Amino acid sequence: MQKTSTFPMRYSAYVISIAGFLVSLVLSLHFKAGYIFPVIFGALSTLGTYDLLQKKRTISRNYPIMVHFRYLFESIGPEIRQYFIQSDNDEQPFSRDQRTIIYQRAKDVLDKRPFGSQLKMYEDGFEWINHSLRPSKIADSNFRVQIGSRCAKPYNASIFNISAMSFGALSANAILSLNTGAKMGGFYHDTGEGSISTYHKQPGGDLVWEIGSGYFGCRNKDGTFNPEMFRKNATLDQVKMIEVKLSQGAKPGHGGILPGAKVTPEIAEARGVSVGEDCVSPPQHSAFSTPIELLEFMDRLRELSGGKPVGFKLAIGHPWEWFAIVKAMLETGRKPDFIVVDGGEGGTGAAPLEFINRIGTPMTEALLLVHNTLVGTNLREDISIGAAGKITSAFNIARTLALGADWCNAARGYMFSLGCIQALNCHTGRCPSGVATQDPRRGKKLDVEDKSQRVYNFHKNTMEALQNLLEAAGLRDTSELGPEHIVRRVSKTVVHSYIDLFPFLEPGALLEGKTGMAVFDKYWADSQPDSFDPPEFVQKLRETKLR
């Protein structure tokens, strides 16, 4: 290729900076003026020279100075799309409409909309709840569900609570605000696997203590489970339930690490680790390795806690692993008091892109599988089900309850109520709203008195909106919501209620072998209560490409 003889325009900013520096310097010396322009042009010239001499970024060598405009616009690309390009209904990951309704309810301001819906009602996937010509009247919106009726200390939970978010992922003031709001509204606050910090304890709101594979708050130095430390925390009056985290929607099967540089004295105290040392959550638990051992471990936790409800949280992956747990329940008679289904679309914590997008069953399918399995084995009435996955509104709650859940949790919805603007900087420590950061200069700017009131308002107004939906549907309580009430458009000319769209098992159908559902027909019979291993035919498939 012939070399061009013309001056490359991509160097123009660099040349202009050098010329500007020389001219402005001469003029400043001659007229004894200030040196602001020589300093500016000199800084740009230095930057351009550095761009040309460095060897890591070819684009910087080819476009000295000018390249930094690209870096600037690239860095604020999400904000530009969010505020100037994205439509009100584009969920990436939450739409402007979804965020706006949370902000309005959190601020306790008018959330009414004029001129009809902006949603595309004739597009595939549009959903609605059927109303009644005989609306009901419900006394109040304090909908609750009892969890752990077989326990010495059952818990009467709100049907909308704060999902797991650890101190360390969120700032101290964010945790204080969430727990204060939870106390004001009478709903629970899940600690996340980072355990119970002083900021969880101080306001006194109800807590669900999440026990992850790192056993934070109840661990020995080698990372194994410590029963005495567990007893000390679990018997706190503030702790209402214990939740063993098997996996989470953001990054199931991954584990995690909090680098030692971020392990402050406060985090170390809450988690039971040493200051400045890496804080590791292994991909799997060390306290159990089989389904039966899991159930035995939960029975032990129930005893150590003084009879509080104990359950587990999981994102559904291999169906035979979930079936193995249920078969262990049938064989041993041991049962969790509750199960929280975490959808694959969940995730306040940072995770690799493939895990965020392609690992973990979405909440709808996961919840249906868990609900159907328990119904089909006659276990459903003994085990309560919670669910989480992009729940931000009363309709989200209604559709989730209609699919089989007893209550719902939300994480990012409550983050929005704190003032989160979806800047997508959660993993950098540079959260502009002071929510997802450990930088005290940022976190302390979050006003606890104001934000806790917003957390309370968001819960209260969402519950009142749910009350209005139930009344319009002619129902008297959330327990009456079923798949017959929610309708989905599957094409421009066809709609189905959930009861026709999704398969629902009859009680005991799985025990009788009468499901007609491929997932049960294929994996149920070969799942084993004493092992998470895949069925033999699956293991054989892994040995060859000849399928």
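Throughout, read-outs are computed from the coordinates displayed, never taken from laboratory work. A quick note: this is a predicted structure, and the numbers were derived from the prediction, not measured. All Cβ positions, glycine included, derive from the backbone under ideal geometry; neighbour counts span all protein chains shown.
With 0.36 nm allotted per residue and the present C-alpha distance subtracted, the Arg70-Glu480 stretch has 142.1 nm of extension available. For region 274-362, the gyration tensor built on C-alpha atoms gives an oblate shape. Its axis ratio a/c (a ≥ b ≥ c) is at least 1.5, and a/b is not larger than b/c. Simple spin-label estimate for Ser28 and Thr544 gives 7.9 nm between the two label positions (7 Å along the Cα-to-Cβ direction from each Cα). The helix-based estimate of mean residue ellipticity at 222 nm for the chain, built from -39,500 (n - 2.57) per DSSP H run of four or more residues and divided by its residue count, is -11500 deg cm²/dmol to the nearest 500.
Protection proxy ranking for 287-298, 403-414, 16-27, using the average of other Cβ atoms within 10 Å per residue and placing the highest first: 403-414, 287-298, 16-27.
Relative contact order of the chain, taken over Cα pairs closer than 8 Å and 6 or more residues apart, is 18 percent.
For Ala387, the amide hydrogen comes within under 5 Å of the amide hydrogens of Val341, Trp407, Cys408, Asn409, counting only partners 5 or more places away or on other chains and with H modelled in the peptide plane. Computed from the Cβ-Cβ distance with R0 of 56 Å, the FRET efficiency linking Val490 to Val15 stands at 0.35. Relative contact order (percent) for region 390-436, with alpha-carbon contacts under 8 angstrom and 6 or more residues of separation? Relative contact order of region 390-436: 28 percent. Rounded to the nearest 0.05, the FRET efficiency derived from the C-beta distance between Ala472 and Arg441 at R0 = 35 Å is 0.15. The packing ranking, built from the mean of other Cβ atoms within 10 Å per residue, places the peptides 155-162, 205-212, 218-225, 166-173 in the order 205-212, 166-173, 155-162, 218-225, highest first.
Cross-link check: pairs Lys390/Lys444; Lys56/Lys545; Lys262/Lys335; Lys120/Lys245; Lys313/Lys492 evaluated at a Cα-Cα cut-off of 32 Å; pairs beyond the cut-off: Lys56/Lys545; Lys262/Lys335; Lys120/Lys245; Lys313/Lys492. What the Cβ-Cβ distance of Glu381 and Asp533 gives, at R0 = 35 Å and to the nearest 0.05, is a FRET efficiency of 0.70. For the chain, DSSP calls about 35 percent of its internal beta bridges antiparallel. Gain on full extension, evaluated as 0.36 nm per residue between Arg430 and His254 minus their Cα-Cα distance, stands at 61.0 nm. Here's the list of aspartates and glutamates a cross-link from Lys221 could span, going by alpha-carbon distance under 14 Å and ignoring same-chain residues fewer than 8 apart: Glu269, Glu277, Asp278. By the rule of a C-alpha distance below 18 Å, with chain neighbours fewer than 8 residues away ignored, the lysines paired with Lys514 are Lys327, Lys522. The local environment of Arg271, defined by Cβ-Cβ distances under 15 Å, has a net charge of -1 under the rule Lys, Arg +1 and Asp, Glu -1. Give the shape of region 327-445 as rounded, prolate or oblate, defined through the alpha-carbon gyration tensor: a ≥ b ≥ c are the square roots of its eigenvalues, a/c under 1.5 means rounded, and otherwise the shape is prolate if a/b is larger than b/c and oblate if not. In terms of gyration-tensor shape, prolate.
Stretched out straight at 0.36 nm per residue, the stretch from Asn156 to Leu501 would grow longer than its current Cα-Cα span by 121.0 nm. Remark: relative contact order (region 109-231) = 15 percent; criterion is Cα-Cα distance under 8 angstrom and separation of 6 or more residues.
Counting charges near Ala139 (Lys, Arg +1; Asp, Glu -1) among other residues having Cβ under 14 Å from its Cβ returns a value of -1. The distance between label points at Ser132 and Ser117 comes to 2.1 nm (points 7 Å beyond Cα on the Cα→Cβ vector). Membrane-span-like helices in the chain, defined purely by DSSP H runs whose alpha carbon atoms cover 18 Å or more axially and whose average Kyte-Doolittle hydropathy reaches -0.5, are 12-31, 36-53, 172-185, 291-304, 319-332, 363-376. Shape of region 235-323 from the C-alpha gyration tensor: oblate (a/c of 1.5 or more and a/b not above b/c, with a ≥ b ≥ c the square roots of its eigenvalues).
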